[in-house]
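Chemist: This is the structure, below, for whatever I ask next.
The values are calculated or read from the model by the stated rules, or taken from the named source; none is laboratory data. From a predicted model like this one, the values you see are computed outputs, not experimental measurements. With ideal geometry, Cβ positions are generated from the backbone for all residues, glycine too; neighbour counts draw on all protein chains shown. Calculation scope for accessible area: heavy atoms of the full protein, side chains included, ligands and nucleic acids excluded. Shrake-Rupley method; radii C 1.70, N 1.55, O 1.52, S 1.80 Å.
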Amino acid sequence: MQKKSDFIFSYPPNLQELDLATMVSMYRDRGEPRKAAAGKYLACSLTRKLLKDAKWWFGLYYSQAAWDELLTKGSEGYPLTEAELNVLGLLAATEEPPHREYVEKNIGVLPKLAYLIVNDIKQFGFIQEDESGFLMITPRGERALQGIARRLYGKRFTPEMLVAYNHSDELKRDDEERNDQATLF
């Protein structure tokens, strides 16, 4: 499905280069206010304006106004990315609640980051987890999902927006190709 906008938060593409402790620290510090040292300035990644105070996102700085613009409707201040869209969308698109492991494997990010994201949005109240590890979307999560879907695609959420949906066709083709090929062993 074709995106209408990329005007959201996103995780760095080379996050896999970080060790777990650094990744967790950076993840936990996102959105934290930062002050420039005396006589120094920070630059907003969006507006390029110099600032004394900014919000931090994986090494990038944003003015409060820019940060607020990147937040999506229904997010309640939570900085949503495509990974959160995929978590919430998987839960909204399935009839039976999926298991946490399935969700973490199918949101398009590193397993360590997926674990952090699921925990975080669960604590924020967007999803619930039962004692067996099955996840369900909450009404708050549904509003957040619709907000990010509208920002990225200009319409309500549909399963075609999911990474898992797009990769399922590729996986089927790969399986078919492997089945057609003779085994050498």
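Chemist: Might you tell me the accessible area per residue for the chain, computed with a 1.4 Å probe and given in Å²? Let's see the in-between values first.
Modeler: Details: 10980 Å² over 185 residues.
Spelled out: the 1.4 Å probe surface of the chain, per residue, equals 59 Å².
Chemist: Moving on. Of all accessible surface on segment 75-165 at a 1.4 Å probe, what whole percent is carbon and sulfur? Working shown, then result.
Modeler: Details: 2080 of 4090 Å².
About 51 percent, which is the carbon plus sulfur part of the accessible surface.
Chemist: Can you put Tyr61, Tyr41 in order of accessible area, largest first, using a 1.4 Å probe? Don't skip to the answer; put the middle values down first.
Modeler: Numbers: Tyr61 60, Tyr41 135 Å².
Result, largest first: Tyr41, Tyr61.
Chemist: Taking Cα centroids, how far is segment 105-154 from segment 42-77 in Å?
Modeler: 22 Å
Chemist: Can you run phi through the Karplus equation (6.51, -1.76, 1.60; θ = phi - 60°) for segment 52-67 and list ³J(HN,Hα) in whole Hz, with x for Gly and Pro?
Modeler: Each residue's phi maps through the Karplus curve to give 8, 10, 8, 9, 9, 9, 6, x, 9, 10, 9, 5, 4, 5, 5, 4 Hz.
Chemist: Shape call for segment 1-90 from the C-alpha gyration tensor, a ≥ b ≥ c root eigenvalues: rounded (a/c under 1.5), prolate (a/b greater than b/c) or oblate?
Modeler: On the way: a/c = 2.03, a/b = 1.34, b/c = 1.51.
Oblate.
Chemist: A further question follows. Would you check the chain for Lys pairs whose C-alpha atoms are within less than 22 Å, ignoring same-chain pairs closer than 8 in sequence, and give me the count?
Modeler: Step by step, the pairs that qualify in the chain add up to 16.
Chemist: To continue, here is another question. Quick check on the chain: what are the equivalent-ellipsoid semi-axes from the Cα gyration tensor, as sqrt(5λ), descending, whole Å? Write down the numbers at each step before the final one.
Modeler: Values: eigenvalues 211, 79, 59 Å².
Its equivalent ellipsoid spans semi-axes of 33, 20, 17 Å.
Chemist: How far apart, in nanometres, would the label points at Asp53 and Thr94 be if each is projected 7 angstrom from Cα along the Cα-to-Cβ direction?
Modeler: 4.3 nm
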